[in-house]
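Before any comments, here is the structure.
The values are calculated or read from the model by the stated rules, or taken from the named source; none is laboratory data. Note that the structure is predicted; figures quoted are calculated from it, not measured. As a convention, Cβ positions derive from the backbone with ideal geometry for all residues, glycine included, and neighbour counts pool all protein chains shown.
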Amino acid sequence: MRFDIVTIFPEFFEVLDISLLGKARANGVVEYSIHDLRDFTHDKHRTVDDTPYGGGAGMVMKPEPWGDAIDAFATDDTVVVVPSPAGEPFTQAMAREFAAAPRLLFACGRYEGIDQRVVDHFSTRMRVRAVSLGDYVLNGGEVAALAIIEAVARLVPGVVGNPESLVEESHEDGLLEYPSYTKPQEWRGLEVPPVLLSGNHAAIAAWRREQQVQRTRDVRPDLLPD
Ligand code: ADE
């Protein structure tokens with residue numbers, strides 16, 4: 001799977017060489033290609049932004065460099081992901097959808113965002129998704145893109161060593177994950193729940209399920225069916 005990232009801060013993406021994602025890159029399972037948006041400007045100052053039509057605070061990213069950059073790296077089967085606090089909430093289901101695409105292109109905006117015509121134009125040619133990480137505002141799309149890339153890349157076969165570990169995670173079955181314990185059996189006066197030491201696999205599975213439902217009800221009741 002190929003990830004193209006267009007940004008004015010390519011150095012943000014040096015972390016893609018670390019840990020599992022770095023290993024997957026070294027093994028050729030995934031490919032990341034980072035591009036500087038300013039390479040698609042044509043003026044001496046390599047300008048990427050301008051004042052907003054209609055007035056208002058802040059600057060808006062100009063459509064021309066974005067148009068040329070996306071033309072250069074996107075094909076008909078690319079999904080263009082535009083991180084934005086005004087986008088659809090990012091979910092595990094969306095991560096699975098993106099992991100099934102052959103190519104993703106991240107358009108990382110800064111300032112007050114990218115001229116809307118960029119999304120409107122490319123939406124007629126390919127899948128374009130404005131995606132929000134959550135109801136808060138970051139300084140730009142880079143950190144959001146990294147989070148989305150990590151969530152997607154780990155679903156690509158061969159990236160995570162033990163694929164079974166992907167199945168029993170939070171959000172995979174619509175519930176939060178159950179609590180986990182390891183040795184020692186007692187730590188600072190706290191015992192591991194006895195059922196986990198029982199060797200009774202059916203009882204363990206039932207307890208874990210209960211814990212998932214309880215946890216989800218406590219902290220994320222919005223995830224439970226009515
Ligand atoms: N850019 C700025 N804030 C963002 C958010 N919450 N999600 C995605 N991209 C963003």
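Observations
- Scanning the stretch 8-31 for residues that are under 26 Å from GLY67 (Cβ atoms) and out of contact with any strand residue (DSSP E or B) (no Cβ under 7 Å at 6 or more places or on another chain) yields PHE9, GLU11, PHE12.
- From ARG220, ARG154, residue being touching a residue at least 60 places away in the same chain (Cβ under 8 Å), of a type in the set (Lys, Arg) and over 30 Å from THR47 (Cβ atoms): ARG154
- Any hit, the stretch 212-219, residues being at pLDDT below 95, surrounded by 11 or more Cβ atoms within 10 Å (Cβ to Cβ) and touching an Asp or Glu at 6+ places or on another chain (Cβ under 8 Å): no
- Scanning the stretch 1-21 for residues that are more than 18 Å from VAL143 (Cβ to Cβ) and either assigned to a helix (DSSP H, G or I) or of a type in the set (A, V, I, L, M) (or both) returns MET1, LEU20.
- ALA145 falls short of the stated requirement of being within 11 Å of the ligand (Cβ to nearest atom), assigned to a strand (DSSP E or B) and crowded, with 16+ Cβ neighbours inside 10 Å.
- Complete set of residues in the stretch 148-159 that are crowded, with 19+ Cβ neighbours inside 10 Å, within 16 Å of the ligand (Cβ to nearest atom) and more than 14 Å from THR91 (Cβ to Cβ): ILE149
- A Cβ distance below 7 Å, combined with a sequence gap of six or more or placement on separate chains, defines the contacts here; from the stretch 52-76, residues that are without any contact (Cβ under 8 Å) to a residue 24 or more places away in the chain and loosely packed, with under 11 Cβ neighbours inside 10 Å reach no residue that is among the aromatic types (Phe, Trp, Tyr) and assigned to a loop (DSSP other than H, G, I, E, B).
- Test: residue in the stretch 80-88 that is among the hydroxyl-bearing types (Ser, Thr, Tyr), surrounded by 19 or more Cβ atoms within 10 Å (Cβ to Cβ) and farther than 18 Å from ARG2 by Cβ: yes
- THR124 vs. criteria within 21 Å of ASP76 (Cβ to Cβ) and polar (S, T, N, Q): yes
- Test: residue in the stretch 143-152 that is under 18 Å from the mean Cα position of the chain (by Cα), farther than 16 Å from ILE5 by Cβ and small (Gly, Ala, Ser): no
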